[in-house]
Amino acid sequence: MVHIPKAVYKAVYAHLYENASLALKEYWRVGNVPGITYIDENGKPCNPTYIHVNCIMQSLESRGVVKDTFAWRHHYYLLTEKGEQFIRRELDLADDVLPTPFSKPSIKPPQYAQCFSSKARPDRASQPKPDEATKA
């Protein structure tokens, strides 16, 4: 069993909840996972090691919190509905806070005034019709 600091758990949970997924290289040797940052006991920002994140994700997979897909030496972990509730409970998040992929984007309505302004499109009434130009 590997000793994993609580700060690493919280950082991995936060990253997983924010993105609703995690892509992880199958790499058990020494190395840090880019993209996940936590503050260590000295107050410095650090990246967790691959073995810590792999152990956390295997534990979450065995609980049914994430679904694992393996392809080309990479694990792709997807958050399930049960996992969303679990991480929300672990991180003390409100019910209205959703993961970024699940929240609706705020799309501005198109501005039709710019598209159909008189400068952008000449008035068709002032142009002669093709039949009238050939008759003259």
Exercise. Pop out the ³J(HN,Hα) list for the stretch 66-77 in order, Karplus 6.51 cos²θ - 1.76 cosθ + 1.60 with θ = phi - 60°, rounded to Hz; leave Gly and Pro as x.
Key: 10, 10, 9, 10, 10, 7, 6, 6, 10, 9, 10, 9
Self-check item: Vicinal HN-Hα couplings computed from phi for the stretch 41-50 (Karplus, 6.51 cos²θ - 1.76 cosθ + 1.60; Hz; Gly/Pro x)
Solution: 5, 8, x, 9, x, 9, 9, x, 7, 4
Self-check item: Karplus 3J(HN,Hα) series, Hz, for the stretch 20-33 with 6.51 cos²θ - 1.76 cosθ + 1.60 (x for Gly, Pro)
Solution: 6, 7, 8, 9, 9, 5, 7, 8, 9, 8, 5, x, 10, 8
Self-check item: Order of Ile107, Ile51 - criterion: other Cβ atoms within 10 Å of each residue's Cβ, fewest first
Solution: Ile107, Ile51
Quiz item: Given the convex hull of the Cα atoms of the stretch 6-102, what is a quarter of its surface area in nm²?
Solution: 6.4 nm²
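Bear in mind these aren't lab numbers, they're just calculated from the coordinates by the rules spelled out. Not measured: the values here are computed from a predicted model. As a convention, Cβ positions derive from the backbone with ideal geometry for all residues, glycine included, and neighbour counts pool all protein chains shown.
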